[in-house]
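One structure is given below, encoded as C-alpha cells.
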Amino acid sequence: MLSLGKIDLSIYRCVTPDIVTDEVILTDERIAHIRERHSNVFECFSGYLREIVSEPDYIIRDDRFATAIVLKMIQDGGNKFRISLRLVTSSDNPAYNNSVLTFLNIREKEWNRLLRNKEVLYKRE
C-alpha cells in the first residue's frame with residue numbers, strides 16, 4: 001500500500017459533502033491493475049500522484065457513488081493525467097481511506113472530451 005498524503009476536503013466536498021477522512025491511499029491491488037491495464041504509467045509517472053490528488057485542475061462527476069474523476073496537467077512535459085478517486089463516506093467501513101481506483105496518462109482529445117461531455121464540479125482558478 002502506498003500513502004498519497006491528504007486531500008483538501010473543501011475542494012473534494014463538491015463530489016459529496018459526506019467525506020470522513022482526508023487520507024488517500026493506493027492499494028497494492030490497484031497498483032497491479034494500473035501496471036496491467038495502463039502499460040508503463042505507474043513506473044513513469046507515479047511520482048506525480050501526490051500532486052494530482054492534492055492539487056487537481058478539474059474534478060468531474062463520475063457515475064459511481066462518491067467517486068471523482070480527477071484531471072491534472074503537469075507543467076513538466078505537458079502530460080495530462082486522469083485519476084478515479086473513491087471517497088470514503090459515513091456509510092462506508094470506518095477503517096477505509098480514500099483510494100485511487102485507476103491512474104492514466106490521457107491525450108488532449110480525451111481531456112477535451114471529458115471537459116465537454118461530463119459535469120465539471122471543480123475547476124482550479
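Touching a helix residue (DSSP H, G or I) at 6+ places or on another chain (Cβ under 8 Å), crowded, with 17+ Cβ neighbours inside 10 Å and charged (D, E, K, R) - does that describe any residue in the range 85-101? No, the range 85-101 has no match at all.
One residue stands out in the range 102-125 among those that are in a strand (DSSP E or B) and of a type outside the set (A, V, I, L, M, F, W, C): the one that is most open to solvent (accessible area, probe 1.4 Å), namely Lys123. Here is a check on your reading of the model: is Val24 farther than 19 Å from Leu114 by Cβ, at pLDDT 95 or above and open to solvent by less than 30 Å² (accessible area, probe 1.4 Å)? In short, yes. If you go through the range 70-91 and keep only what is of a type in the set (Val, Ile, Thr), assigned to a strand (DSSP E or B) and touching a residue at least 60 places away in the same chain (Cβ under 8 Å), you end up with just Thr89.
Let's see how each residue does on (1) within 13 Å of Arg86 (Cβ to Cβ); (2) modelled with pLDDT of 95 or more; (3) surrounded by 15 or more Cβ atoms within 10 Å (Cβ to Cβ):
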| site | (1), (2), (3) |
| --- | --- |
| Asp8 | no, yes, no |
| Tyr12 | yes, yes, yes |
| Val15 | yes, yes, yes |
| Ile19 | yes, yes, yes |
| Glu36 | no, no, no |
| Ala68 | yes, yes, yes |
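Restricting Ala32, Ala95 to residues that are without any contact (Cβ under 8 Å) to a residue 12 or more places away in the chain, out of contact with any Leu (no Cβ under 6 Å at 6 or more places or on another chain) and not in a helix (DSSP H, G or I) narrows the list to Ala95.
The values are calculated or read from the model by the stated rules, or taken from the named source; none is laboratory data. Just so you know, these numbers come straight off a predicted model, no measurement behind them. A quick note on method: Cβ atoms are made from the backbone with ideal geometry, for glycine too, and the neighbour counts reach across all protein chains shown. Note: areas computed on protein heavy atoms with side chains; ligands, DNA, RNA excluded. Shrake-Rupley method; radii C 1.70, N 1.55, O 1.52, S 1.80 Å.
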